[in-house]
Number of protein chains: 2
Amino acid sequence: MTRDCGSVAVQRDEMVEFARNYDPQPMHVDEAAAEESVFGELIASGWFTAALTSRLAVEGFLNDIRNVGGRGTDDLRWPAPVRAGDTLSVTLEVTDAEPAETNPYGLVETAFEATNQHDETVLSMVGLLYVLRREE
Amino acid sequence: MTRDCGSVAVQRDEMVEFARNYDPQPMHVDEAAAEESVFGELIASGWFTAALTSRLAVEGFLNDIRNVGGRGTDDLRWPAPVRAGDTLSVTLEVTDAEPAETNPYGLVETAFEATNQHDETVLSMVGLLYVLRREE
């Protein structure tokens, strides 16, 4: 099962505000420092990219399944920077589903990918979700 | 090398606002639904827990090293729920550091752990950071 979760535009104000609150490193919040950096301008916190990916995944997928809670993620990667004005698109693929150790739950493994408007991958990860199993 | 990155109180308004923006699932944003859930009350988005962990790690560690950017994280887990009013404390340990494929960078592996006021682990992960190497 694969699903297209749609797109979101990266708003500069929201991107910088998020970083001020949760990841106030120079390349995320200090324009002058960012210009001197290898990136040449402000880039998004990776946690902001994860948060935007989450928003699209919830609207496009998680609120349609009986998700009880996340166990975590494996192999979260930010292979390319995200900049203000980028448009991010999220796709996902359910790669595994099995009964969890504890009934009545199942554990669903989902590969998430976020790409920018140049079709570069900016985030990939494997999400592990506990879901309520259908009654037999 | 280990470091204590201090503590942060989980503010209800901030917790719910974050979830409305980035993880609007019922257990994070809908009080009535959360009361019916296995958790019995609203719980934080795991991404909010990661964001708070990031804030403490930046203030307590990342802004002291020459961090160029994050490659990603491995084994991100949320083993216990976070609730409004909790106090989270973050510790980290640098577990590996080696030259990256591309000079002049190094890749630093750091184990992060966030615990609540009952000393339960609420988040653990291994962060992979590119840093500028010291000149020889």
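Report whether or not A:Val94 is more than 7 Å from every other protein chain (Cβ to nearest Cβ), buried (at least 22 other Cβ atoms within 10 Å of the Cβ) and out of contact with any His (no Cβ under 7 Å at 6 or more places or on another chain).
Taking the combined requirement at face value, the residue does not satisfy it.
With respect to B:Arg20, is the statement that it is within 25 Å of A:Leu56 (Cα to Cα), basic (Lys, Arg) and either in contact with a Phe, Trp or Tyr (Cβ under 8 Å, 6 or more places away or on another chain) or open to solvent by 20 Å² or more (accessible area, probe 1.4 Å) (or both) true?
Yes, satisfied.
For region B:13-71, give me each residue that is of a type in the set (S, T, N, Q) and more than 21 Å from A:Tyr105 (Cβ to Cβ).
If the condition is that a residue be of a type in the set (S, T, N, Q) and more than 21 Å from A:Tyr105 (Cβ to Cβ), then B:Asn21, B:Thr53, B:Ser54, B:Asn63, B:Asn67 are the ones that fit.
Being within 7 Å of another protein chain (Cβ to nearest Cβ) and in contact with a strand residue (DSSP E or B) (Cβ under 7 Å, 6 or more places away or on another chain): is that true of B:Gly60 here?
Answer is no for this residue.
Among the residues of region B:99-121, is any among the polar types (S, T, N, Q), in a strand (DSSP E or B) and buried (at least 16 other Cβ atoms within 10 Å of the Cβ)?
Yes, that holds for at least one residue.
Within region A:72-81, track down each residue that is surrounded by 20 or more Cβ atoms within 10 Å (Cβ to Cβ), farther than 15 Å from B:Leu129 by Cβ and either more than 7 Å from every other protein chain (Cβ to nearest Cβ) or out of contact with any Phe, Trp or Tyr (no Cβ under 6 Å at 6 or more places or on another chain) (or both).
A:Thr73
Quick check on region B:22-38. Is at least one of its residues farther than 15 Å from B:Thr115 by Cα, touching a helix residue (DSSP H, G or I) at 6+ places or on another chain (Cβ under 6 Å) and more than 12 Å from chain A (Cβ to nearest Cβ)?
No, region B:22-38 contains no residue that is farther than 15 Å from B:Thr115 by Cα, touching a helix residue (DSSP H, G or I) at 6+ places or on another chain (Cβ under 6 Å) and more than 12 Å from chain A (Cβ to nearest Cβ).
Yes/no matrix, rows are residues, columns are (1) in contact with a Leu (Cβ under 7 Å, 6 or more places away or on another chain); (2) among the small types (Gly, Ala, Ser):
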| site | (1), (2) |
| --- | --- |
| B:Leu56 | no, no |
| B:Ile65 | no, no |
| B:Ala80 | no, yes |
| B:Pro104 | yes, no |
| B:Ser124 | no, yes |
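The values are calculated or read from the model by the stated rules, or taken from the named source; none is laboratory data. These numbers come from a predicted model, not from an experiment. No Cβ is skipped: glycine too gets one built from the backbone with ideal geometry, and neighbour counts run over all protein chains shown. Keep in mind that these areas ignore ligands, DNA and RNA; they rest on the heavy atoms of the full protein, side chains included. Shrake-Rupley method; radii C 1.70, N 1.55, O 1.52, S 1.80 Å.
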